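S.K.: My structure is below; once you've seen it, I'll send some questions.
Please treat every number below as a calculation from the coordinates, not as lab data. Bear in mind the structure is a predicted one, so any value in this text is a computation, not a measurement. A quick note on method: Cβ atoms are made from the backbone with ideal geometry, for glycine too, and the neighbour counts reach across all protein chains shown.
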Amino acid sequence: MDFKDTPEQAKFRKTCREWLEKNAKLKTGVEKNEFANIDFLQVAKDWQKKKYNAGWAMLHWPKEFGGIGASAIERIIWAEEESKFNVPKGIFEIGLGMAGPVMMEYATDEQKARYLPAMAEGKEIWCQLFSEPSAGSDVAGLRSKAIKDGDNWIINGQKVWTSGAHFSDYGILVVRHDPNLEKHKGMTFFFLDMKSPGIEVKPIKQITGGSSFNEVYFTDVVIPDSQRLGEVGDGWKVAITTLMNERLAVGDANGADVEDAFRWAKKQDDSGEPLINNKSVRSSIADWYCEANGLKNTKLRTMSALSRGETPGPEASITKIVSANKLQNIGAFGMDSLDMAGMLKTDDPEIQSFQNAWLGAPGLRIAGGTDEILKNIIAERVLGLPQDARADKGMPYKDIPSGNS
Amino acid sequence: MNLDFSDDQKFLQSEAKKFLEKEESVKRSRGVLEGSESFDNDLWQKIIELGWTGIRIPEEYEGLGLGHLELCVIAEELGRHLTPVPFSSSVYLFTEAVIKYGSEELKKEILPKLVTGEVVGTIAVTEDFLAPTNNNIKTEVSNELISGTKIAVPDCEAATHSIIVCKSSKGIDLRLVDLSCKEVSINQVENIDGSRGYYSIEMKQAPSLLIGDEGNGWILYESIINQAAVLFSFEQIGGSQAALDMAVNYANERYAFGKPIGSYQGIKHKLADMYVALTLAKSNSYYAAWALSSESSDLPVAAATARVSATKAYELCSKENIQTHGGNGFTWEYDCHLFYKRSKLLSLNIGSIANWKEKLISNLEQSNLN
Ligand SMILES: Cc1cc2nc3c(=O)[nH]c(=O)nc-3n(C[C@H](O)[C@H](O)[C@H](O)COP(=O)(O)OP(=O)(O)OC[C@H]3O[C@@H](n4cnc5c(N)ncnc54)[C@H](O)[C@@H]3O)c2cc1C
Ligand SMILES: Cc1cc2nc3c(=O)[nH]c(=O)nc-3n(C[C@H](O)[C@H](O)[C@H](O)COP(=O)(O)OP(=O)(O)OC[C@H]3O[C@@H](n4cnc5c(N)ncnc54)[C@H](O)[C@@H]3O)c2cc1C
């Protein structure tokens with residue numbers, strides 16, 4: 001056991017670090033929202049472009065698409081270093097994390113050359129059009145239709161919760177081409193231009209008051225067959241590739257963490273004494289510290305396996321459940337500590353960070369696989385328990401009960 | 001970056017596992033529970049023959065001269081198999097204390113005997129039904145003679161010697177007492193986990209030998225249990241894994257309402273929660289093992305983190321294993337209760353979770369959590 005980088009890893013880390021120091025600001029602890037009241041999208045695009053020009057945007061991609069062919073471990077080293085800097089987040093993750101790998105695996109060489117570098121550069125943003133009103137956890141229950149028309153497909157239907165659809169240039173889409181087949185067999189996968197005629201994007205207001213996701217309506221939208229990814233009927237298989245990536249991409253919840261709770265508890269006065277002197281506060285912070293470090297050390301175990309060229313074990317599957325719930329609890333703690341005033345909106349960045357954590361965490365517990373679905377996955381795939389009995393097994397899609405939604 | 005055990009260490013672990021399976025360690029644990037002895041002497045002698053008692057003892061004192069990491073993988077297997085021997089008292093606590101704080105003379109005399117089992121050690125601190133602190137120790141030494149009573153001392157049936165945490169004119173001392181001397185009387189005290197023995201030790205002017213600096217004993221004691229916390233956390237993750245495995249097996253085999261109970265989410269999610277807690281505990285224990293083996297200044301924080309996570313994991317896994325087994329889980333016949341009881345013994349033996357959370361936070365306060 002050791003925590004030393006190999007000489008090559010240390011050298012790589014130093015290169016990352018030097019570039020980051022030149023181009024971004026180190027986090028200081030209490031982060032003011034530097035990006036408030038500015039054109040965040042543009043700032044994020046500028047940062048992405050800067051990274052792209054230096055090869056960091058998708059560093060594990062081959063050179064021809066703008067990467068540097070970095071190994072899995074180098075990718076983690078980069079992410080570790082980048083996370084120490086205050087850089088814009090939240091615009092490109094879905095495109096790069098989910099559309100990227102699918103395009104890499106299923107697109108033609110010309111398509112890859114056309115789309116991947118622009119995606120990495122941040123010139124074109126991608127979204128993921130999977131969930132529908134009647135198909136979230138059970139995404140294979142989706143009903144948006146694709147009908148073949150010569151060399152084209154005609155798409156009708158609705159997607160929902162599509163993060164970033166309102167500023168995306170392209171999207172990956174899974175739709176039903178044959179409702180007479182079993183549900184997992186009747187789907188086909190495409191990518192499409194979000195500016196295509198017949199697409200209507202309507203932002204959805206979230207509990208935070210902001211709108212990062214949307215409803216997307218399709219009315220006779222035309223997609224050329226050349227933009228099909230995988231065979232007709234392979235939609236589920238292709239979607240699974242992205243969902244697997246999603247579990248890695250979503251991972252750790254960003255936001256107020258145990259350090260923030262600790263710093264807060266040390267200075268916040270509660271009847272003349274810092275909160276940290278309160279036994280129950282100490283106990284909660286100890287719990288969060290154990291969770292936060294449990295996740296950090298779990299990641300190190302994953303890295304250790306990657307470092308030896310082995311496939312990591314299933315331990316990373318716990319990340320999102322633990323971190324999203326911890327975020328919610330820490331947010332609540334910060335607000336509770338202010339007693340009645342905890343409800344008040346304020347410019348104080350620390351208080352904001354607790355309120356944002358509390359408001360944002362419910363979404364994280366749902367996005368990219370709900371807590372319940374992730375527990376099913378752990379139980380079935382990691383522990384080997386029997387699959388949930390499915391009411392729809394073997395039925396043609398059109399005969400499956402779907403409630404009122 | 002390598003937060004994992006080496007191939008040699010993994011091999012040692014798998015050999016230990018095979019050995020304890022072949023020796024039916026869990027069954028022996030039940031044997032102790034139901035019998036009159038407080039440990040399994042036959043298995044203890046076999047463990048001594050394997051050299052595990054001397055794992056960390058340097059070769060110059062006739063031990064194997066291996067490191068803490070080797071001890072961690074053995075601990076995980078002892079925990080998994082509920083091994084009913086005085087290993088933890090003698091090795092994690094007593095031997096480690098002698099290695100760390102014993103005089104050269106003491107080491108020369110006692111370490112080789114700890115290897116062969118001629119000496120078996122334990123440590124005595126608690127005196128009353130409350131947590132021991134440096135302020136409430138009443139057992140006192142004067143002129144090298146100790147008087148006072150300790151309760152909840154583990155493994156005295158096997159132990160020949162004990163380190164006694166006692167009060168002296170300078171503060172708290174750690175002192176070595178030969179348990180066979182006539183000034184010491186030992187009585188078994190029944191405890192909730194009958195597969196391990198607890199005792200009271202009454203000392204009336206018992207001769208003793210100072211270990212470490214006079215008056216500095218509480219700090220030394222804290223440092224000994226910080227180390228032991230890491231080793232116990234490996235026992236705890238071993239036990240958690242065993243309880244989880246039992247629950248998974250039962251959930252796959254037991255049918256209710258025409259299906260295996262493991263296909264119901266009430267059970268599935270319970271088992272997933274156990275897996276999550278165990279994974280956090282395991283990762284924190286690995287980190288603490290590194291901190292222990294590399295003598296990192298992070299050890300107090302790492303050990304407390306491992307201890308708290310592993311205690312939570314074992315308590316969760318062992319209680320929900322009973323729950324998964326339904327009525328069977330509540331029977332004496334099924335092994336579920338052996339893990340449940342051991343989990344509680346391990347979660348209290350070097351201080352409760354509340355105490356370890358407190359240690360964690362006060363250490364973080366000092367180090368200013370960065
Ligand atoms: C912030 C945010 C961003 C998102 N971004 C995108 C995006 O960019 N693209 C996209 O396609 N989708 C996106 N989603 C959608 C997301 O994937 C779905 O919301 C999620 O999969 C849950 O689906 P649902 O909302 O339909 O809830 P449902 O599936 O209806 O679930 C409702 C409740 O029932 C539970 N449940 C469902 N099935 C089971 C089961 N088998 N066992 C136990 N409990 C069950 C769920 O856990 C949940 O608690 C986003 C969601 C959020 C919140
Ligand atoms: C102290 C004690 C006293 C008792 N006294 C009596 C008595 O006087 N008379 C009498 O007739 N019985 C008695 N019982 C039996 C008791 O009613 C059963 O033990 C209980 O109903 C559970 O059944 P089981 O033990 O077969 O467990 P199982 O039914 O096999 O359950 C095993 C596990 O699976 C879970 N499980 C089972 N089905 C589902 C499901 N559909 N969804 C989710 N989880 C599920 C259970 O919750 C449990 O965790 C007693 C039991 C105890 C412990």
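S.K.: Explain nothing, just compute: Karplus ³J(HN,Hα) = 6.51 cos²θ - 1.76 cosθ + 1.60, θ = phi - 60°, for every residue of segment B:117-128 in order, whole Hz, x for Gly and Pro.
M.R.: Going residue by residue, I get x, 5, 10, 10, x, 8, 9, 10, 10, 5, 10, 8 Hz, with x marking Gly and Pro.
S.K.: Follow-up question, since we're still on this one. In nm, to one decimal, how far is the residue A:14 label point from the residue B:135 one, both placed 7 Å along Cα→Cβ?
M.R.: Modelled inter-label distance: 5.2 nm.
S.K.: Have a look at A:41, A:101, A:79 and report the one farthest towards the positive end of the charge dipole of chain A, computed about the Cα centre with Cβ charges (Lys/Arg +1, Asp/Glu -1).
M.R.: Sorting the options by dipole projection puts first A:79.
S.K.: Okay, next question. Can you run phi through the Karplus equation (6.51, -1.76, 1.60; θ = phi - 60°) for segment A:11-24 and list ³J(HN,Hα) in whole Hz, with x for Gly and Pro?
M.R.: 5, 4, 4, 5, 4, 4, 4, 4, 5, 4, 4, 6, 10, 8
S.K.: What is the spin-label model distance, in nm, from residue B:332 to residue B:189 if the labels are put 7 Å beyond Cα along the C-beta direction?
M.R.: 2.5 nm
S.K.: Do any chymotrypsin sites (Phe, Trp or Tyr not before Pro) in segment B:198-291 lie in a DSSP loop with no more than 14 other beta carbon atoms within 10 Å, and if so, which?
M.R.: B:257
S.K.: Follow-up question, since we're still on this one. Could you work out how far the C-alpha centroid of segment B:152-169 sits from that of segment B:316-370, in angstrom?
M.R.: Between the Cα centres of segment B:152-169 and segment B:316-370 lies a distance of 24 Å.
S.K.: Each residue of segment A:295-301 in turn: what ³J(HN,Hα) in whole Hz from Karplus with 6.51, -1.76, 1.60 and θ = phi - 60°, glycine and Pro shown as x?
M.R.: 5, 4, 6, 5, 4, 5, 5
S.K.: So if I place +1 on the C-beta of Lys and Arg and -1 on the C-beta of Asp and Glu, and nothing else carries charge, what would the dipole magnitude of the protein assembly as shown be about its Cα centre? I want it in debye, nearest 20. It would help to have the intermediate numbers written out before the result.
M.R.: Numbers: 86 positive and 107 negative charges, 340 e Å.
Around 1640 debye, computed over the protein assembly as shown.
S.K.: Here is a further query. In Å, what Rg and Dmax follow from the Cα atoms of segment A:107-165?
M.R.: So, for segment A:107-165, Rg and Dmax equal 14.5, 36 Å respectively.
S.K.: Then there is this: Applying 1/(1 + (r/R0)^6) with R0 = 22 Å to the Cβ-Cβ distance of residue A:348 and residue A:46, what FRET efficiency is obtained, to the nearest 0.05?
M.R.: Efficiency, from the Cβ-Cβ distance: 0.20.
S.K.: To continue, here is another question. Going through the cross-link list A:27/A:266; B:10/B:113; A:267/A:326; A:183/A:237; A:237/A:398; A:89/A:237, which pairs have a Cα-Cα distance over 24 Å in this structure?
M.R.: From A:27/A:266; B:10/B:113; A:267/A:326; A:183/A:237; A:237/A:398; A:89/A:237, over 24 Å: B:10/B:113; A:89/A:237.
S.K.: Other chains' Cβ within 10 Å of B:261-274 residues: what's the mean? It would help to have the intermediate numbers written out before the result.
M.R.: Details: counts 2, 6, 7, 4, 6, 0, 2, 12, 7, 2, 6, 15, 4, 2.
Shielding by partners across B:261-274 averages 5.
S.K.: Next up: Where in chain B lies the longest segment free of trypsin sites (Lys or Arg not before Pro) that are both loop residues by DSSP (not H, G, I, E, B) and have at most 14 other Cβ atoms within 10 Å?
M.R.: Details: sites that count: B:138, B:170, B:182.
Formally, the longest exposed-site-free interval is B:183-370.
S.K.: How high is the relative contact order of chain B, given as a whole-number percent (alpha carbon pairs under 8 Å, six or more residues apart)?
M.R.: The normalised contact order for chain B reaches 15 percent.
S.K.: At 4 °C and 1.567 mPa s, what whole-number value in µm²/s does Stokes-Einstein give for the translational diffusion of segment A:293-357, with Rh from the Kirkwood sum over Cα pairs?
M.R.: So the translational diffusion coefficient is about 93 µm²/s.
S.K.: In addition: Between residue B:50 and residue B:10, with labels modelled 7 Å along Cα→Cβ, what's the label distance in nm to one decimal, could you check?
M.R.: According to this spin-label approximation, the distance is 1.9 nm.
S.K.: Can you grab the distance from the C-alpha centre of segment B:1-76 to the C-alpha centre of segment A:53-101, Å, no decimals?
M.R.: Measuring centre to centre over Cα atoms gives 45 Å.
S.K.: Against the longest alpha carbon principal axis of chain B, how many degrees, from 0 to 90 and to the nearest 10, is the axis of helix B:336-348 turned?
M.R.: 40 degrees
S.K.: With N denoting the number of residues in segment A:126-248, provide Rg(C-alpha) divided by 2.2 N^0.38 Å, to two decimal places.
M.R.: Numbers: Rg = 13.6 Å, N = 123, 2.2 N^0.38 = 13.7 Å.
Rounded to two decimals, the normalised Rg is 1.00.
S.K.: Given Cα positions, please report Rg to Rh for segment A:7-89, the hydrodynamic radius being the Kirkwood one.
M.R.: 0.99
S.K.: Just the Cα atoms of segment B:7-116: what Rg and Dmax do they give in Å?
M.R.: Considering segment B:7-116 through its Cα atoms, Rg and Dmax are 14.1, 42 Å.
S.K.: Long-range amide H contacts for residue A:229: which residues qualify at under 5 Å (H placed 1.01 Å from N, peptide plane, sequence gap of 5 or more or a different chain)?
M.R.: Correct list: A:189, A:190, A:191.
S.K.: Rounded to the nearest 5, what % of the DSSP beta bridges within chain A are antiparallel ones? Each step should come with its number before you reach the end.
M.R.: Working: 35 of 40 bridges.
Here the antiparallel bridges make up roughly 90 percent for chain A.
S.K.: Using only C-alpha atoms and all pairs of different ones, pull out the Kirkwood radius for chain A in Å with one decimal. Present the calculation step by step, with values, prior to reporting the outcome.
M.R.: On the way: mean 1/r = 0.0433 Å⁻¹.
Here the Kirkwood hydrodynamic radius works out to 23.1 Å.
S.K.: Residues in segment A:203-238, backbone N under 13 Å from the label point at residue A:196 (7 Å along the Cα-to-beta-carbon vector): list them, ranges by number please.
M.R.: Residues passing the 13 Å test: A:217-229.
S.K.: Average partner chain C-beta neighbours within 10 Å, per residue of B:356-367?
M.R.: Neighbouring Cβ atoms belonging to other protein chains average 4 per residue here.
S.K.: Follow-up question, since we're still on this one. So what is the orientation-averaged projected area of chain B, using the convex hull of its C-alpha atoms, in nm²?
M.R.: If you wrap the Cα atoms of chain B in a convex hull and average its projections, you get 18.9 nm².
S.K.: Only Cα pairs under 8 Å and at least 6 apart count here; give the relative contact order of segment A:137-278 as a rounded whole percent. Walk me through the numbers before you get to the answer.
M.R.: Values: 236 pairs, mean separation 33.3, N = 142.
Value for segment A:137-278: 23 percent.
S.K.: Could you work out how far helix A:109-121 tilts from the main Cα principal axis of chain A, as a 0 to 90 degree angle to the nearest 10?
M.R.: Relative to chain A, helix A:109-121 is tipped by roughly 30 degrees.
S.K.: Note down the relative contact order for chain A as a percent, whole number, built from C-alpha pairs under 8 angstrom at least six residues apart.
M.R.: 13 percent
S.K.: Report, in degrees rounded to the nearest 10, the 0 to 90 angle that the Cα long axis of helix A:235-250 makes with the longest principal axis of chain A.
M.R.: The two axes meet at around 10 degrees.
S.K.: Also: Please report how far the C-alpha centroid of segment A:145-223 lies from that of segment A:267-332, rounded to the nearest whole angstrom.
M.R.: 37 Å
S.K.: First measure r as the distance between the Cβ atoms of residue A:373 and residue B:253, then evaluate 1/(1 + (r/R0)^6) with R0 = 30 Å and state the FRET efficiency to the nearest 0.05.
M.R.: Rounded to the nearest 0.05, the efficiency is 0.75.
S.K.: If you build the Cα gyration tensor of segment A:325-405 and take the root of 5 times each eigenvalue, what three semi-axes come out, in whole angstrom, biggest first?
M.R.: Whole-Å semi-axes of the equivalent ellipsoid: 40, 17, 9.
S.K.: Of all alpha-carbon pairs in segment B:121-215, indicate the percentage at a distance above 18 angstrom.
M.R.: Cα-Cα pairs of segment B:121-215 separated by over 18 Å account for 38 percent.
S.K.: Next question. From the gyration tensor of the Cα coordinates in the protein assembly as shown, what semi-axes in whole Å does the equivalent ellipsoid have, largest first, with each one equal to sqrt(5λ)?
M.R.: Rounded to whole Å, the semi-axes are 55, 29, 24.
S.K.: Could you tell me which trypsin sites (Lys or Arg not before Pro) in segment A:171-237 are loop residues by DSSP with no more than 13 other beta carbons within 10 angstrom of their beta carbon? Could the numbers behind the result be given before it?
M.R.: Numbers: sites: A:176, A:183, A:185, A:195, A:205, A:228, A:237; in loops: A:183, A:185, A:195, A:205.
Of the trypsin sites (Lys or Arg not before Pro), the ones in loops of segment A:171-237 whose Cβ has at most 13 other Cβ atoms within 10 Å are A:195, A:205.
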